1. Being at positive phi, in a loop (DSSP other than H, G, I, E, B), in contact (Cβ under 8 Å) with a residue 12 or more places away in the chain and open to solvent by 10 Å² or more (accessible area, probe 1.4 Å): is that true of Gly59 here?
2. Please report, ordered by residue number, the strands (runs of 3 or more DSSP E) entirely within the stretch 91-150 with at least 3 residues that are more than 11 Å from the chain's Cα centre (by Cα) and of a type outside the set (Asp, Glu).
Amino acid sequence: MMQADGLSVGLLLMEVRGMKDDKFKEFDPTRTIPKRDHLSAKEPKQKAHLVLLTGDKAGTHYLIKDDRMTILGRDAECQIHLQDPDASRRHAAIQPFGREFYIMDMGSTNGTLINGQREEKRILRHADKITIGLQEFQFLLTGPDGHPILTSPAD
């Protein structure tokens, strides 16, 4: 662990199954995710969802697990399987970390757009729009009661 700006920084390396290209066999999803030790256990547990906004399956909700990485892509083994020729086999990953969710592009050909901007990694915020290939999703956070968690733009 290293200290940076008052935050502990950890490096999480994980093996990606089924990758044929050696440069992607060891995928570092965040290249340093800040670890926030100050989060209170009293804060309500939030749930993350992706809602598909486009295509024949528009309106489909996907629950993002808070204890493991969720991979989006064309590969049938991806947790969110996309039938989109413009998406890579393993296009992007959503990684929970504490009470936050990071999205990371996994070296895709066409990139991952968040609110119209190409991003390699960033923290997702409630109502962010994610574009992968021709598919557009909206990221939603809900509290334990199922109601949206509203955050200010400065969060």
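1. Details: at positive phi: yes; in a loop (DSSP other than H, G, I, E, B): yes; in contact (Cβ under 8 Å) with a residue 12 or more places away in the chain: no; open to solvent by 10 Å² or more (accessible area, probe 1.4 Å): yes.
Judged against the criteria, Gly59 is not a match.
2. Working: elements: 92-97, 100-105, 112-114, 117-119, 121-123, 129-132, 135-142.
Passing ranges, in order: 129-132, 135-142.
The values are calculated or read from the model by the stated rules, or taken from the named source; none is laboratory data. Computed from a predicted model, the values in this text were never measured in an experiment. Please note: Cβ atoms are built from the backbone with ideal geometry, for glycine as well, and neighbour counts cover all protein chains shown. Surface accessibility is based on the protein's heavy atoms, side chains included, excluding ligands, DNA and RNA. Shrake-Rupley method; radii C 1.70, N 1.55, O 1.52, S 1.80 Å.
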